[in-house]
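Each remark here refers to the structure printed beneath this line.
Please treat every number below as a calculation from the coordinates, not as lab data. Quick caveat: nothing in here was measured; it's all calculated off a predicted structure. Note: ideal-geometry Cβ built from the backbone for every residue, glycine included; neighbour counts use all protein chains shown.
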Amino acid sequence: MTREEVLELPVAIDVLTAGRAFGLGRNTTYELINAGEFPVKVHQYGKGNRRVLTSELWAALGVEPK
């Protein structure tokens, strides 16, 4: 995922998109989440609906909006 793609993400994204931003595949993303070791906080909304706040993703990646 390019810097521009990361900056164009909506306010909250699904965990697979967040994992992709870190260069992780599906299995590794879920393994890290289940182990509590994903690089950013994962927010649970309802049953099975997990999201990452884009602002937290940007901070973890060291990316700042223009």
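Odds and ends about this structure:
- Neighbour net charge for N27 - beta-carbon separation under 15 angstrom, K R +1, D E -1: 0
- Packing-based exposure ordering (other Cβ within 10 Å, fewest first) of E56, E37: E37, E56
- The chain: chymotrypsin sites (Phe, Trp or Tyr not before Pro) falling in loop per DSSP and having at most 16 other Cβ within 10 Å: F22, Y45
- Across the chain, Cα pairs under 8 Å and at least six residues apart give a relative contact order of 39 percent.
- Residues with amide H under 5 Å from that of A12, placed H, sequence gap 5 or more: T54
- For the chain, calculated [θ]222 nm from helices alone, where every DSSP H run of n ≥ 4 adds -39500 (n - 2.57): -11000 deg cm²/dmol
- Choice from L32, L16, L53 showing the highest fluctuation, given a GNM over the chain with Cα pairs closer than 10 Å: L32
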